[in-house]
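**Student:** Dumping the structure here so I can ask a few things about it.
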Amino acid sequence: MAWIEHLRIRGLRNLAAVELSLSEGHVCLVGGNGAGKTSLLEAVYLVNRGGSFRGRRHGPVVMHGAAGASIDLAGYQGGHAVRRQWRSELGVVTRETGLPVRLVGSAMHALVEGDPELRRRFIDWNVFHVEHGLAELRSRLRRSAAQRNAWLRAGGQGAAIWDAEYAAALSILAKVRADLLDRLRQAFHTLALELGVLDGLELVWRSDIPTDPDQTLAVLQRQLPGDVGRGYTYLSASRGDFCLQRDGTTWVGSRGQNKTAGVLLQLAADRVVREQYPEPSIWLVDDLPAELDRERQALLYGAIRAASTQVLSTALESPGSAVRQAGMQVFHVEHGTVRSMPSLRAVV
Ligand SMILES: Nc1ncnc2c1ncn2[C@@H]1O[C@H](COP(=O)(O)OP(=O)(O)OP(=O)(O)O)[C@@H](O)[C@H]1O
């Protein structure tokens, strides 16, 4: 069982010096806008995954004017005590592998209504966890694509020596993505039934990359004149997307419904990965209450708690009665400092 017992953060965003002792179960970080709640989740993500979940737009994680940032974590995994360290100048410095963490970010609705690139990254991240050798496959693809594109830019004359290798790698990727989607589709369907939300929605994968390498090779040959004109290969790993359908038609949900669907997708992916790696993850849940009614909040928090040993969640306000739980730990975050509030003893 993976959980964090102690966390020490120095010089990360607005968190100058933070020390937290945590318990298993649901830990709630409460505070106003800009208090440092998301930065705390970011620290947990960073020390375990080695990178941030926030894009470049958010700038460097080291506190303005500070010489460096550090994160130290002590916790448990598989019944053993583990330690992890991250230093801004070195990255992760411990040998032990990171604790498994799963993020429900504040913009989960974007997974349904945003750019296809987000969905492909979501699929590939989960494929990476169930299929060994994805990194090697990616480098095969990159190498053969670069060689083929150089050949196209030179006019595509002579033998197409990189086509077979590129078609083989691309078809394997198409196959592992389609297989994951199939398992995800079933898990999503089961979860929607169990929770009684988004009834009748179906996950549909659309990709024009054939899973048979001979067919992929035939497509490459057919598209050759266009590829030479463009100077690059049209059929690439960035083709493919999934959508949600109801009765065969693309479903258009509200912001809150899309957010619910995004969280369900994370829960479904967690089930798929845990068929192979049963250890539950630590879930980092940023601002779930935004856009969700109380019933949905309670439902989704309940499903996330059931899937994890520890949940670190953020919110602007203290958890309401629908979300509270006996033993829930609550911390108040303000201007980068964190204060413990009395643990909740009973469901109110
Ligand atoms: N490198 C940095 N150095 C110092 N402060 C930073 C740095 N990067 C971001 N900040 C500031 O840290 C503060 C905390 O941001 P954070 O996103 O953690 O807040 P939050 O509590 O999650 O707020 P909200 O509820 O509005 O999402 C922000 O005011 C931000 O401007």
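**Student:** Taking V219 as the residue in question, decide whether it is over 25 Å from the mean Cα position of the chain (by Cα) and either surrounded by 14 or more Cβ atoms within 10 Å (Cβ to Cβ) or without any contact (Cβ under 8 Å) to a residue 24 or more places away in the chain (or both).
**Tutor:** yes
**Student:** L300 - would you say it is crowded, with 21+ Cβ neighbours inside 10 Å and farther than 30 Å from R10 by Cβ?
**Tutor:** It is true that L300 is crowded, with 21+ Cβ neighbours inside 10 Å and farther than 30 Å from R10 by Cβ.
**Student:** Does V323 satisfy the condition of being modelled with pLDDT of 95 or more, of a type in the set (A, V, I, L, M, F, W, C) and closer than 18 Å to K37 by Cβ?
**Tutor:** No; evaluated as a whole, the condition is false for this residue.
**Student:** Moving on. Using the structure shown, decide if L288 is within 15 Å of the ligand (Cβ to nearest atom), on the phi < 0 side of the Ramachandran plot, in a strand (DSSP E or B) and in contact with a helix residue (DSSP H, G or I) (Cβ under 7 Å, 6 or more places away or on another chain).
**Tutor:** no
**Student:** Tell me yes or no: at least one residue of segment 190-209 is at pLDDT 95 or above, under 24 Å from G133 (Cα atoms) and surrounded by fewer than 16 Cβ atoms within 10 Å (Cβ to Cβ).
**Tutor:** no
**Student:** Of D241, D212, which residue is surrounded by fewer than 15 Cβ atoms within 10 Å (Cβ to Cβ) and under 21 Å from A174 (Cα atoms)?
**Tutor:** Going through D241, D212 in turn, just one is surrounded by fewer than 15 Cβ atoms within 10 Å (Cβ to Cβ) and under 21 Å from A174 (Cα atoms): D212.
**Student:** So which of V252, V273 ends up being exposed (fewer than 14 other Cβ atoms within 10 Å of the Cβ) and among the hydrophobic types (A, V, I, L, M, F, W, C)?
**Tutor:** Exactly one residue qualifies, and that residue is V252.
**Student:** Provide a single number: the residues in segment 144-171 that are of a type in the set (A, V, I, L, M, F, W, C), without any contact (Cβ under 8 Å) to a residue 40 or more places away in the chain and either surrounded by 15 or more Cβ atoms within 10 Å (Cβ to Cβ) or closer than 14 Å to A237 by Cβ (or both).
**Tutor:** Number satisfying all stated conditions: 4.
**Student:** Starting from residues that are closer than 20 Å to R177 by Cα and part of a loop (DSSP other than H, G, I, E, B), keep the ones in segment 127-166 and report whichever is modelled with the highest pLDDT.
**Tutor:** G133
**Student:** For segment 105-122, state whether one or more residues are among the β-branched types (V, I, T), within 18 Å of I282 (Cα to Cα) and in contact (Cβ under 8 Å) with a residue 12 or more places away in the chain.
**Tutor:** So far as segment 105-122 goes, no, none of its residues is among the β-branched types (V, I, T), within 18 Å of I282 (Cα to Cα) and in contact (Cβ under 8 Å) with a residue 12 or more places away in the chain.
**Student:** Please go through segment 257-302 and pick out each residue that is among the aromatic types (F, W, Y) and touching a strand residue (DSSP E or B) at 6+ places or on another chain (Cβ under 6 Å).
**Tutor:** Residue satisfying the conditions is W283 alone.
**Student:** Let me ask another. Filter segment 220-233 down to the residues that are more than 14 Å from Q147 (Cα to Cα) and assigned to a loop (DSSP other than H, G, I, E, B) and list them by number.
**Tutor:** Across segment 220-233, the qualifying residue is only Q223.
**Student:** Turning to a different aspect of this structure: For segment 231-257, give me each residue that is farther than 26 Å from T211 by Cα and in contact with a Cys (Cβ under 9 Å, 6 or more places away or on another chain).
**Tutor:** W251
**Student:** With G327, G256, G229 as the choices, which residue is without any contact (Cβ under 8 Å) to a residue 24 or more places away in the chain and either in the same structural domain as L7 (by TED's automatic domain parsing) or of a type outside the set (D, E) (or both)?
**Tutor:** G229
**Student:** Quick one: which of A315, A268, A303 is among the small types (G, A, S) and not assigned by TED's automatic domain parsing to the domain that holds V333?
**Tutor:** One residue alone meets the criteria, A268.
**Student:** Show me the strands (runs of 3 or more DSSP E) entirely contained within segment 15-119 in which 2 or more residues are away from the ligand (no atom under 16 Å from the Cβ) and surrounded by fewer than 21 Cβ atoms within 10 Å (Cβ to Cβ).
**Tutor:** Filter on segment 15-119 gives 15-21, 70-77, 80-87.
The values are calculated or read from the model by the stated rules, or taken from the named source; none is laboratory data. These numbers were taken from a predicted model, which means no experiment stands behind them. Positions of Cβ are generated from backbone atoms using ideal geometry, with glycine treated the same way; all protein chains shown enter the neighbour counts.
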